């Protein structure tokens, strides 16, 4: 593998890594009703390369954002 190919693979990997991190941060910030559902979405988001996409399509709207003071924002 030459250097140019390695750089392309590194860039692709960084993009998928950042998308996974963003999905996990979103999961941490939301309330899914139970800790089990939150953990399940966290595990889904950590599936390599496409877990973030599954979360974005199926789980993103299931969680409710929390605001300061413990009151949910709908």
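We did not get these values from a lab; they are worked out from the coordinates using the rules stated. Quantities reported herein were computed from a predicted structural model and do not represent experimental measurements. Every residue, glycine as well, gets a Cβ built from its backbone with ideal geometry; the counts of neighbours run over all protein chains shown.
Observations
- Where a residue in the range 1-21 is free of Cβ contacts under 8 Å to residues at least 60 places away in the same chain and its partner, wherever it lies, is loosely packed, with under 11 Cβ neighbours inside 10 Å and not in a helix (DSSP H, G or I), with Cβ under 9 Å and at least six apart: 9/1; 16/48; 20/48
- Highlighted here are the helices (runs of 4 or more DSSP H) found entirely within the chain that include at least 2 residues which are out of contact with any helix residue (DSSP H, G or I) (no Cβ under 6 Å at 6 or more places or on another chain): 3-29, 35-45.
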